[in-house]
Amino acid sequence: MEKGTVVRVAAGREKGSIFVVIQDFNAHQVWIADGRHRKLARPRKKSVKHLEVVGRLESLPERDRLIWKNLSPYRGR
């Protein structure tokens with residue numbers, strides 16, 4: 001998965017939540033954040049097999065508030 005990919009968590013504590021991929025950790029895991037509960041300063045490491053791709057952001061915002069705002073259209077689904 002690439003940086004800026006919007007994903008829905010399919011398994012785990014945050015099941016059903018929308019996040020954006022911040023960066024790759026290795027071939028099987030990525031760092032994700034949503035801007036409110038998981039901020040850029042403390043992203044969550046998540047296995048790729050537990051994520052569903054929902055969309056893509058054109059550019060990854062550098063502020064938590066902007067990430068949360070850009071993910072709002074995906075949360076309504």
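A few comments on the model shown:
- Filtered residues of segment 11-26 (kept if more than 11 Å from the chain's Cα centre (by Cα) and of a type in the set (G, A, S)): A11, G12, G16
- Screening G35, G4, G12, G16 for residues that are at positive phi, surrounded by 14 or more Cβ atoms within 10 Å (Cβ to Cβ) and either of a type in the set (K, R) or out of contact with any Pro (no Cβ under 9 Å at 6 or more places or on another chain) (or both) leaves exactly one candidate, G4.
- Checked against the criterion of being charged (D, E, K, R), surrounded by 13 or more Cβ atoms within 10 Å (Cβ to Cβ) and in contact with a strand residue (DSSP E or B) (Cβ under 9 Å, 6 or more places away or on another chain), segment 45-52 contains one or more residues that satisfy it.
- Restricting R44, R65, R38 to residues that are of a type in the set (D, E, K, R) and more than 10 Å from the chain's Cα centre (by Cα) narrows the list to R65.
- Condition met for L60 (among the aliphatic types (A, V, I, L, M) and modelled with pLDDT under 95): yes
The values are calculated or read from the model by the stated rules, or taken from the named source; none is laboratory data. Bear in mind the structure is a predicted one, so any value in this text is a computation, not a measurement. Note that each Cβ is placed from the backbone with ideal geometry, even for glycine, and that neighbours are counted across all protein chains shown.
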